[in-house]
Amino acid sequence: MPAFDRRLLDYETALDTCLSAVTESLPAETVGLEKSLGRVLRRSVESAISVPPFDKSTMDGYAVKSADVAGALDTAPVALEVIDEIPAGRVCGKILRSGQAARIMTGAAVPQGADAVIKLENTAPAGSEQVHILSGVEENNYIIYKGQDLLPGSRVAEAGATVTPSLLGLLANCGTPNVSVSRKPAIGIISTGSELTAPGTPLAEGRIYDVNSYLLYGLCIEAGGDVAMLGTVEDKSDALLALLNRHTDADILILSGGVSVGDYDIVHETLQRAGVEEIFWRVKVKPGKPLFFGRRGSTLVFGLPGNPISSANNFYLFVLPVIHKLLGRSAWGLKTGHATVCNSMIFRPGRRKFLRAQLRQGPEQGVWIFPEQRSGVFGPMVDAEVLVEVSEAAKMVREGDPVKIYYL
Ligand SMILES: Nc1nc2c(c(=O)[nH]1)N[C@H]1C(S)=C(S)[C@@H](COP(=O)(O)OP(=O)(O)OC[C@H]3O[C@@H](n4cnc5c(N)ncnc54)[C@H](O)[C@@H]3O)O[C@H]1N2
Ligand code: MOO
């Protein structure tokens with residue numbers, strides 16, 4: 001039976017097979033906080049301190065005892081003795097007694113004995129050692145108490161979380177100097193195709209620019225990889241074999257082009273020659289049917305179709321979850337959600353379809369599916385915000401249909 005008559009794997013089986021090939025996460029390493037953005041935490045982090053570490057004023061004004069100023073008005077101010085001026089970063093050594101106030105700045109430690117802060121606008125100077133308070137104040141006003149944000153031992157991040165800018169801030173907030181994160185997966189990218197030309201070189205007739213090296217490079221960097229563009233090779237098995245044999249230490253190798261059934265589709269055969277064990281070839285998804293997945297030693301090998309749209313789709317559906325699992329992330333693959341279709345479309349049934357679309361605001365989350373869905377047309381990809389999943393059997397989606405979406 002010719003190779004191309006073999007049955008196509010369904011989407012779920014192919015994804016499970018890819019994920020099953022990852023049996024353990026990459027080793028962990030410790031990095032300084034400033035190097036941890038986008039990395040995946042391997043150990044949970046607890047705060048070692050109370051945050052804030054002291055009772056903190058949230059306004060410039062005066063720290064007071066609220067009972068002292070009850071009933072104070074513009075027309076009937078309460079005079080208090082000013083015992084100190086407390087800038088942020090300094091602590092007042094005195095205990096505030098009844099009839100006293102301390103000038104305090106935003107972020108400074110509220111002195112013992114005070115239970116509220118009156119903002120500057122509600123006070124009036126009254127000589128060098130007195131202030132007039134022009135309004136009453138509730139107890140606890142403008143104070144964040146010690147530990148109200150975080151207590152010692154509070155969990156600030158779970159193992160498997162990706163460090164976002166906010167998380168970076170939170171980790172700094174509780175004084176964490178470094179974190180344990182997964183080593184970045186080493187990913188090598190190879191584009192195959194005798195028609196490919198590097199940007200910057202004039203195009204000869206019949207040739208095109210190499211999109212996939214750059215597209216996949218970007219996708220892999222964004223996914224947290226340590227990525228190397230290994231080059232572009234012509235559709236010549238020996239040239240590809242030589243390149244493959246020069247790069248044996250990657251965690252993941254991603255090839256694109258030449259995985260279909262054409263006479264020049266040399267990837268499949270060359271991977272075999274290079275000692276890559278085939279795990280599966282061809283999946284019932286559109287775009288991205290000719291996907292190859294295999295392994296050589298500890299290297300996982302993806303052969304993606306040449307069409308950049310098909311390559312990107314396979315990256316999102318299969319490569320990204322594998323990278324996430326290798327990184328020890330708590331969730332694998334694109335985030336999903338649900339939406340309502342805004343425009344009807346018809347298709348040929350057969351494969352699970354992933355349609356590029358944009359989100360539309362409305363009473364319900366809507367999606368507008370791009371009319372241009374051919375995998376040979378790349379332009380609209382940059383405007384896509386989501387992929388819309390449509391079942392193998394569906395011949396159309398109608399306006400108002402509920403669909404599963406994948407956020408890009
Ligand atoms: N007789 C059949 N022909 C095809 C089948 C099939 O089942 N039977 N499958 C089609 C499907 S589906 C896809 S997808 C493509 C994928 O084919 P290949 O992976 O072999 O890719 P190529 O033929 O090498 O290239 C396809 C297309 O993409 C362009 N390309 C390739 N590499 C790049 C790159 N790095 N940057 C930009 N563009 C690239 C290439 O020039 C072709 O136009 O096969 C169908 N054919
Ligand atoms: O699977 Mo291909 O990617 O349909 O165009």
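Miscellaneous remarks
- Residues satisfying the stated conditions in the stretch 220-263, i.e. of a type in the set (A, V, I, L, M) and either on the phi > 0 side of the Ramachandran plot or within 16 Å of ligand 2 (Cβ to nearest atom) (or both): ILE254, LEU255, VAL259, VAL261
- In the condition set (1) within 16 Å of ligand 1 (Cβ to nearest atom); (2) closer than 18 Å to VAL78 by Cα, ILE133 is compliant with all but (1).
Table: residues versus (1) of a type outside the set (Asp, Glu); (2) touching a Gly at 6+ places or on another chain (Cβ under 8 Å); (3) within 19 Å of THR13 (Cα to Cα).
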residue: PHE292; (1), (2), (3): yes, yes, yes
residue: ILE309; (1), (2), (3): yes, yes, no
residue: PHE315; (1), (2), (3): yes, no, yes
residue: PHE347; (1), (2), (3): yes, no, no
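- Annotation: of all residues in the stretch 296-320 being hydrophobic (A, V, I, L, M, F, W, C) and more than 15 Å from ligand 2 (Cβ to nearest atom), the one that is surrounded by the most Cβ atoms within 10 Å (Cβ to Cβ) is LEU300.
- Filtering ASP16, ASP74, ASP60 for residues that are closer than 30 Å to ILE266 by Cβ and of a type in the set (D, E, K, R) leaves a single hit, ASP16.
- Of the strands (runs of 3 or more DSSP E) lying entirely inside the stretch 175-279, the ones with 1 or more residues being buried (at least 16 other Cβ atoms within 10 Å of the Cβ) and within 11 Å of ligand 1 (Cβ to nearest atom) are found at 186-192, 226-233, 252-256.
- Pairing residues of the stretch 105-126 that are within 17 Å of THR75 (Cα to Cα) and touching a residue at least 12 places away in the same chain (Cβ under 8 Å) with residues that are surrounded by 20 or more Cβ atoms within 10 Å (Cβ to Cβ) and among the acidic types (Asp, Glu), at Cβ distances under 9 Å and at least 6 apart in sequence or on separate chains, gives no pairs at all.
- A single member of LEU15, LEU33, LEU19 is modelled with pLDDT of 95 or more, aliphatic (A, V, I, L, M), farther than 30 Å from PRO125 by Cα and touching a Lys or Arg at 6+ places or on another chain (Cβ under 6 Å), and it is LEU19.
- Residue match in the stretch 383-391 (condition: at pLDDT 95 or above, more than 26 Å from the chain's Cα centre (by Cα), part of a loop (DSSP other than H, G, I, E, B) and over 30 Å from ASP251 (Cα atoms)): yes
- Taking each residue of the stretch 250-269 that is free of Cβ contacts under 8 Å to residues at least 40 places away in the same chain and looking for partners that are near ligand 1 (Cβ under 6 Å from one of its atoms) with beta-carbon atoms closer than 6 Å, six or more apart or interchain, yields ASP265/GLY258.
- Pairs with Cβ under 9 Å, 6+ apart, first in the stretch 383-399 and in the same structural domain as LEU359 (by TED's automatic domain parsing), second hydroxyl-bearing (Ser, Thr, Tyr) and assigned to a helix (DSSP H, G or I): LEU387/TYR316; GLU389/TYR11; GLU392/TYR11
- Filter pass, GLY153 being modelled with pLDDT of 95 or more, over 21 Å from LEU26 (Cβ atoms), surrounded by 13 or more Cβ atoms within 10 Å (Cβ to Cβ) and among the small types (Gly, Ala, Ser): no
- Selection from the stretch 346-359 of residues that are of a type outside the set (Phe, Trp, Tyr) and surrounded by fewer than 21 Cβ atoms within 10 Å (Cβ to Cβ): ILE346, ARG348, PRO349, GLY350, ARG351, ARG352, GLN358, LEU359
- Subset of the stretch 295-341 (residues that are more than 15 Å from ligand 1 (Cβ to nearest atom) and part of a strand (DSSP E or B)): ARG295, ARG296, THR299, LEU300, THR336, GLY337, HIS338, ALA339, THR340, VAL341
The values are calculated or read from the model by the stated rules, or taken from the named source; none is laboratory data. Just so it is clear, the structure is predicted and the values come from calculations on it, not from any experiment. Don't worry about glycine lacking a Cβ; one is built from the backbone with ideal geometry, like all the others, and counts go over all protein chains shown.
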